[in-house]
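Derivation of every value follows stated rules applied to the coordinates shown; laboratory data play no part. Remember, it's a predicted structure, so these values are computed and weren't measured experimentally. For neighbour counting, all protein chains shown are included, and Cβ atoms are generated from backbone atoms with ideal geometry for every residue, glycine included.
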Amino acid sequence: MRIVVLGLPGAGKGTQASRIAEKLDIPHLSTGDMLRAAVQSRTCIDKKAKAVMERGELVPDQLVVAAVIERIARSDARRGFVLDGFPRTIAQAEAFDDLLHTRGLELDHAIELQVDEQILLTRVMARAREARERGEQVRADDNHETLRIRLDAYKKQTAPLIDYYRSKDILKSIDGLQPIDTVTENVFRVIRRTMLKGCRGDQRAHE
């Protein structure tokens, strides 16, 4: 099962991606984690990414896509993977699809966690306030200004992926403002439908 999780910053993508990965026993892949791992990696691709990061520049799409493709080629991703934070742009999505096709693969799902922007801002501010009240460290991006910048960047760069994956008939949208466990239940309801269709297809192929 090959899955991409989409949604506004703070929508709960990481939480749901982790639950999918654990349940299906497939790796949860985050581009942020992969690029940070480049600092200690010795592969050609990651060395190039590391050099770009050390200069404080944005890693070019082709390097990000290549790093993802290299990662999903590992044995633990043979049965699938769930991507969180990638792709971020149409260009990345198209390049990723092209590279998947060269391997005879395709995505099974693009799962969008839908959230109201204003409610999301309120939730994040409440989370930051509660953390301060408990004497805990507040996440660096849990402030109105930073989150607004991230939301604007998402709308300009990543939101167009919704229509892109809808046109491929693999987009499923889920209300991300429901309780976390309810969101998870709905995510797996979508996944189970695809798995059942696959089983039925296999049965027909053998008849």
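Okay, here's what the table says:
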{"read-out": "Sites R132 and I162 - FRET efficiency at Förster radius 30 Å, r taken between beta-carbons, to 0.05", "value": "0.30"}
{"read-out": "I119-A77 pseudo-label distance in nm [points 7 Å out on the Cα-to-Cβ vector]", "value": "3.3"}
{"read-out": "Approximate spin-label separation R103-S173, in nm, with each point projected 7 Å along Cα-to-Cβ", "value": "3.0"}
{"read-out": "For region 166-172, Karplus couplings with θ = phi - 60° (6.51, -1.76, 1.60), whole Hz, Gly/Pro x", "value": "5, 5, 8, 6, 10, 7, 10"}
{"read-out": "Relative exposure of I174, I180, I111, judged by other C-beta atoms within 10 Å (fewest first)", "value": "I180, I174, I111"}
{"read-out": "Ranked packing of 66-72, 165-171, 90-96, most packed first, by mean Cβ within 10 Å", "value": "66-72, 90-96, 165-171"}
{"read-out": "Residue order, fewest to most beta carbons within 10 Å, for V4, V115", "value": "V115, V4"}
